[in-house]
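All remarks here apply to the structure that follows.
Bear in mind these aren't lab numbers, they're just calculated from the coordinates by the rules spelled out. Values in this document were obtained by computation on a predicted structure and should not be read as measured data. Don't worry about glycine lacking a Cβ; one is built from the backbone with ideal geometry, like all the others, and counts go over all protein chains shown.
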Amino acid sequence: MKAANSPGTPPGPTPATRILVIGGGYVGMYTALRLQRKLKQELRRGEVEIVVVTPEPYMTYQPFLPEAAAGSISPRHVVVPLRRVLDQCRIVIGEARSVQHAKRTATVTTLATEEEHTGAAEITYDELVIAPGSVSRTLPVPGLAEHGIGFKTVEEAIGLRNHVIEQMDIASSTRDPSIRDAALTFVFVGGGYAGVEALGELEDMARYTARYYHNVTPDDMKWILVEASDRILPEVGAEMGTYTVSRLRKRNIDVRLETRLDSCEDRIAVLSDGSRFPTRTLVWTAGVKPHPLLAATDLPLNARGRLKCTAQLSVEGVPHAWGAGDAAAVPDVTAGEPGKETAPNAQHALRQAKVLGDNIAASLHGRPLETYAHRYVGSVASLGLHKGVAYVYGRKLKGYPAWFMHRVYHLSRVPTFNRKARVLAEWTLAGLFKREIVSLGSLEHPRAEFELAAGGKHPQDPNQDPKGSS
């Protein structure tokens, strides 16, 4: 791994083998955690160093984002602090900008480099794990960048919750029917897990919240789900997808299949079927794409921009480089058909990370590598409190049993016993007491009050924020 001392040079201490992990999501955190356990003795002796580069000091458990948005779980319990979990790793909070694997270097910018105006720093390594995950896949829809709201981070989830409640406040206090109608119209684009679960949880929360408004009722609100294909939730099968559409429509949710969003300029959602909806809330959950970092590397990519990986999770044809999760195209050896790849979801990412950690440790010790093989067991989805659908091991569940399975499954998968206990406690308390209906949108502008008091200009109206935040 390391270059030997040159002839005639006194032997010195052997430098540690540095494993660079880019990304602190499912794959990044679990791979580093697995390496901590597998290489415990080497880490203690200083023979191995694990460096994790991540833009945030925490890992977000994304399946809980809809419940966090609905107020069923506190935001701090949806995230896992990396410094606590990866206590034997060096955590670098920053963005990897490029990777030159031929030189074994990664260019990274951190908060310190921005403050010092020193430019990006280079981190050298011996083994590379590249797992930056994915980003929202957007389309060139007019007005989307100005008015769209994403749903991929905990900040977006909590911002959306605050935004929905504030729109109800606006509707309750205005006398202008056009403003009221736009405030109470909520458009979600994308019928996958993120879109359906977010819409289901937030509609459930808003329906409950409406009982505390004297002039806003659930019937006043318009909830619209726009999906370009002919079905939603394809992971749970056609039958359960059809059932989900029927259940949503019974809740007066307008589900538009085989429909696209053509424009959202001037806060008017224009659909491909000719419908026009003035709205102050447009949530974009229409899929993801590989992280742009992958294009700034010298590693092989497939036609979709994902890393070409082997079934052992090494990068194809490139020694000492590894990949998994959303960023990697991993062969599905259980599919029985050539060219089939594992789906970019959490179910595979969690299992791939364990195999990846084991294989890196095996590689360092000269042992044979393990092949990643996992047959997809099914999916579960929540549609709001006590409502859900599931397709697991060929069995179809709906309603309360599916919702209960959704909670049990994800409680078993959320990292650390600490988080499991806190989430379970919150669920228990939520069952005993009423929902919280408070909007804390001012948290997104914490200095606004002081700036005004100190004589600064009046803070910008949050509802005019081009990012769509509240």
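Some notes on this structure:
- Mean-position separation - Cα centroids, the range 201-254 and the range 260-307, in angstrom: 21 Å
- The equivalent ellipsoid of the chain has semi-axes of 42, 26, 21 Å, largest first, where each one is the square root of 5 times an eigenvalue of the Cα gyration tensor.
- Overall, the anisotropy analysis places the range 377-430 in the oblate class: the square-rooted eigenvalues a ≥ b ≥ c of its C-alpha gyration tensor yield a/c not less than 1.5, with a/b not exceeding b/c.
- Once the C-beta distance of THR138 and LYS222 is scaled by a Förster radius of 22 Å, the resulting FRET efficiency is 0.40 to the nearest 0.05.
- Cut-off 16 Å (backbone N to label point 7 Å along Cα→Cβ of HIS214), residues of the range 143-186: 169-175
- Sites HIS386 and ASP169 - FRET efficiency at Förster radius 25 Å, r taken between beta-carbons, to 0.05: 0.40
- Within the range 76-96, backbone nitrogen closer than 20 Å to the virtual label 7 Å beyond the Cα of LEU432 toward Cβ: 77
- Subtracting the Cα-Cα distance of GLU146 and LEU452 from 0.36 nm times their residue separation leaves 107.6 nm of extension gain.
- Relative contact order %, the range 377-430, counting alpha carbon pairs below 8 Å whose residues are six or more apart: 25 percent
- Paramagnetic label zone (point 7 Å from Cα along Cα-to-C-beta, SER178; backbone N under 15 Å) in the range 254-273: 266-269
- Using a Förster distance of 30 Å, the FRET efficiency for GLU47-ASN418 (Cβ separation, nearest 0.05): 0.50
- Residues CYS264, CYS89, sorted so that the one with the fewest Cβ neighbours within 10 Å comes first: CYS89, CYS264
- Taking each DSSP H run with n ≥ 4 as -39500 (n - 2.57) and averaging over every residue of the chain yields -9500 deg cm²/dmol at 222 nm.
- For the pair ARG249 and GLU316, the difference between a 0.36 nm per residue extended length and the Cα-Cα distance amounts to 19.5 nm.
- Percent breakdown of C-alpha pair distances by 5 Å bin, ordered from the shortest bin, for the range 204-288: 3, 12, 20, 21, 20, 15, 7, 2, 0
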